[in-house]
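One structure below.
The values are calculated or read from the model by the stated rules, or taken from the named source; none is laboratory data. Keep in mind that what you see is a predicted model, and the values were worked out from it rather than measured. Cβ coordinates were reconstructed from backbone atoms using ideal geometry, including for glycine residues, and neighbour counts include every protein chain displayed. Quick note on the areas: whole protein, heavy atoms, side chains included, nothing else; ligands and nucleic acids left out. Shrake-Rupley method; radii C 1.70, N 1.55, O 1.52, S 1.80 Å.
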Amino acid sequence: MPFVAPDYRRIPAIHRLLDLPALRAAVDDYGHAPVMEACRIAVDQLRQRISAGEVSGPDIDAACEALGGEILDALRTGVASAYPAVINATGVLLHTNLGRAPLPRRLPPSLKSYLALEYDVSEGRRGQRLAAMADRIARVCGAASAVMVNNNAAALFLILKAHAEQREVVVSRGQLIEIGGSFRLPDVMEASGTKLVEVGCTNRTHLKDYAAAIGEHTAALLVAHQSNFRIVGFTTEPSIDELAGLAHDRSLPLIVDQGSGALHDLRRWGLPHEHTVSELLEAGADVVCFSGDKLLGGPQAGLVVGRSEWVEPLARHPLYRVLRPDKTALLTMEETLRAHHSGRLEEIPLYAMLETPIDALMGRARRLGRRLRERDVPVRGRETRAALGGGTTPEETLASYGLGLVGGQGLADRLRAVSPPVVARIEDDEVVLDLRTVFPDQDRSLEEALVAAYSGLNANHEAGA
Ligand SMILES: *Cc1c(COP(=O)(O)O)cnc(C)c1O
């Protein structure tokens, strides 16, 4: 056998790579060290592929030629956002993995400026960070008092810590919930130092069960909304009125973890009714907590509303400093509450999507479909079912409309690899793109993504992959 020089010798030296015009420009853009590092990694990877026999013969020269481009790609990915924007074509409006509610598109200018966060402008001295926000929340919810913290888990934790530490809280066995993302009611209660007293059965809990469980160590009754499941069939649960009556007879507060933050009657959008925050307060709940980024349609936050004697101490509790929201959440929440208060719900993306008539979705699907078929992507318009998601109304879906394209998992994977990535759903080997959760100004990007993903898929098939 003739002697063959080790093929690594054909890999260019790093200083030669750095002389390539494209990489010289990259040094200006990204700095010397990151470019060097990217070169080293790319060269090492090629070396490994050669030694594993994956690249050999004339392919090695081609691989060397491609190095510059690969290094540039790696640099671009490295500086890409850790949280890139995606097109949500899943039809799930509150998708917890995709950031739940998208924020109002018009954001306040003070986000990028100094702002009177804890400053009383008229007096020229230190002010209260929370006071202005608390007023706005209370007004929108029709409550006497309000507090805002980081998320709803923090809200419930703070309520329990402040009012029930080392005491007992009574909860129905039908409500010991786990919400995705590691929120388990019994665990939050334990972490807060509260003793959980379970009453009733999974499907049936009676008022007398609660009454029998109240003793000298009881601090409160707690109702947790069954956000992401339903118990159906032979079931019963006392009403909020009845529970409030019992709690107040025993001088206890009734705490409700409402979860979703429904402020409006969901029947307006063809969804089943869920107790709104103000209905719960009217029915006698003393403290109600809920998320800011579910049906409220705002930033991640936990809001607590209710009677002053139970809510005000939360803002004075030492833990409040640990759980308080930052200025970005306060400002985006203010914008969100403004839209709720003025009734201009369409300014909140979640409600704009909920309110989009099916005809508008069909029109967009028709236009997109026509353009795509002209570009040899055989999509068809199809009916779909969208869902609220985020642990709200788990069984209900909304009539929606979108596009379908045969291609299965391979196509869905390719759609996630384009920029911006498109997240779709698969039903019977068809990739389904629900337009209800795609903003109309993303239709063009969706079209480009489909063309790129579909033509890539076919090129692969033709190459026999
Ligand atoms: C969503 C939810 C939570 C958790 O809220 P986060 O804002 O995600 O912390 C707690 N309780 C209920 C009932 C929920 O629906």
*Which of the lysines could be linked to K208 by a straight reach, that is with a Cα gap under 29 Å, when you skip same-chain ones fewer than 8 residues away?*
K161, K195
*asked:* If packing is taken as the average count of other Cβ atoms within 10 Å, what order do 133-140, 297-304, 338-345 fall into, highest mean first?
replied: 297-304, 133-140, 338-345
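With a ≥ b ≥ c the root eigenvalues of the C-alpha gyration tensor of region 402-464, is it rounded (a/c under 1.5), prolate (a/b larger than b/c) or oblate?
Numbers: a/c = 2.31, a/b = 1.43, b/c = 1.61.
It is oblate, given that a/c is not under 1.5 and a/b is not larger than b/c.
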*Of S51, A74, L243, which is farthest on the positive side of the dipole of the chain, counting Cα position, with +1 on Lys and Arg Cβ, -1 on Asp and Glu Cβ, and the Cα centre as origin?*
A74
*With Cα atoms, 0 to 90° folded angle of helix 408-417 axis to the chain main axis*: 90 degrees
*Please name whichever of S342, L254, A301 sits farthest to the positive end of the charge dipole of the chain, dipole taken about the Cα centre and charges placed at Cβ: Lys and Arg +1, Asp and Glu -1.*
S342
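Summing Lys, Arg as +1 and Asp, Glu as -1, what charge do residues with Cβ under 15 Å from the Cβ of L103 carry, L103 excluded?
Working: positive: R100, R105, R106, K112, K294, K327, R338; negative: D293, D326, E334, E335, E346, E347.
Local net charge: +1.
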*Placing +1 at every Lys and Arg Cβ and -1 at every Asp and Glu Cβ, with all other atoms neutral, what dipole size does region 14-79 have around its Cα centre, in debye to the nearest 20?*
140 debye
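What do you get for GluC sites (Glu not before Pro) in region 354-404 restricted to DSSP loop and a cutoff of at most 16 other Cβ within 10 Å of the site's Cβ? Could the numbers behind the result be given before it?
On the way: sites: E355, E374, E383, E395, E396; in loops: E395, E396.
Of the GluC sites (Glu not before Pro), the ones in loops of region 354-404 whose Cβ has at most 16 other Cβ atoms within 10 Å are E395, E396.
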*Overall dimensions of region 195-272 by Cα: Rg and Dmax, Å*: 14.2, 45
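Would you kindly state how much longer the chain becomes between K195 and E65 on full extension, computed as 0.36 nm times their sequence separation minus their alpha carbon distance, in nm to one decimal? Before the final figure, lay out each step's value.
Values: separation 130, 0.36 × 130 = 46.80 nm, distance 6.67 nm.
Value of the extension gain: 40.1 nm.
Could you work out how much longer the chain between R385 and R321 gets when fully extended? Use 0.36 nm per residue separation minus the Cα distance between them, nm to one decimal.
Numbers: separation 64, 0.36 × 64 = 23.04 nm, distance 4.27 nm.
Length gained between R385 and R321: 18.8 nm.
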_Cα centre as origin, Lys/Arg/Asp/Glu Cβ charges: region 116-344 dipole, Debye_ = 460 debye
*Degrees separating the helix 152-164 axis from the principal Cα axis of the chain, which is the longest one*: 30 degrees
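Within 10 Å of each candidate Cβ there may be at most 13 other Cβ atoms; applying that plus a DSSP loop requirement, which GluC sites (Glu not before Pro) in region 1-110 survive?
On the way: sites: E37, E54, E65, E70; in loops: E54.
Counting only loop positions with at most 13 other Cβ atoms within 10 Å, the GluC sites (Glu not before Pro) in region 1-110 are E54.
I'd like the carbon and sulfur percentage of the solvent accessible area for region 181-296, probe radius 1.4 Å, heavy atoms only, ligands and nucleic acids excluded.
Details: 2370 of 4890 Å².
Answer for region 181-296 is 48 percent, counting heavy atoms of protein chains only.
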_Centroid-to-centroid separation of region 99-178 and region 31-57 [C-alpha atoms, Å]_ = 51 Å
*In region 348-462, what percent of the accessible surface is made up of carbon and sulfur (1.4 Å probe, ligands and nucleic acids excluded)?*
48 percent
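If you take the alpha carbon radius of gyration of the chain and divide it by 2.2 N^0.38 Å, what ratio comes out, to two decimals? Please report the intermediate quantities before stating the final value.
Numbers: Rg = 28.2 Å, N = 465, 2.2 N^0.38 = 22.7 Å.
This ratio for the chain stands at 1.24.
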*Say the dipole of region 1-137 comes from +1 at the beta carbon of Lys and Arg and -1 at that of Asp and Glu; which of I137, I11, L23 then lies farthest toward its positive end?*
I137
*Helix 240-249: angle to the longest alpha-carbon principal axis of the chain, degrees 0 to 90, nearest 10?*
50 degrees
*Where the only charges are on Cβ atoms (+1 Lys, Arg; -1 Asp, Glu), what is the dipole of the chain about its Cα centre, to the nearest 20 debye?*
680 debye
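Mean residue ellipticity at 222 nm from the helices of the chain, using -39,500 (n - 2.57) per DSSP H segment of n ≥ 4 over the full residue count, to the nearest 500 deg cm²/dmol? Could the numbers behind the result be given before it?
Numbers: 17 runs with 193 residues, N = 465.
The per-residue figure over the chain is -12500 deg cm²/dmol.
Sort K112, K327, K294 by accessible area with a 1.4 Å probe, largest first.
Working: K112 195, K327 90, K294 10 Å².
These residues rank, largest area first, as K112, K327, K294.
Which whole number of Å³ per residue matches the convex hull of the alpha-carbon atoms in region 324-447?
On the way: hull volume 18.3 nm³, N = 124.
About 148 Å³ per residue, rounded to a whole number.
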*Looking only at chymotrypsin sites (Phe, Trp or Tyr not before Pro) in DSSP loops with at most 16 other Cβ atoms within 10 Å, what is the longest site-free stretch of the chain?*
235-465
*With 10 Å bins from 0: P(r) over region 130-214, alpha-carbon pairs, percent*: 16, 36, 34, 13, 1
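Rounded to the nearest whole Å², what accessible area per residue is found for region 116-344 with the 1.4 Å probe?
Details: 9960 Å² over 229 residues.
I get 43 Å² per residue for region 116-344.
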*At 10 °C and 1.306 mPa s, what whole-number value in µm²/s does Stokes-Einstein give for the translational diffusion of region 116-344, with Rh from the Kirkwood sum over Cα pairs?*
88 µm²/s
*Would you please report the Å³ per residue occupied by the convex hull of the alpha carbon atoms in region 14-79?*
77 Å³
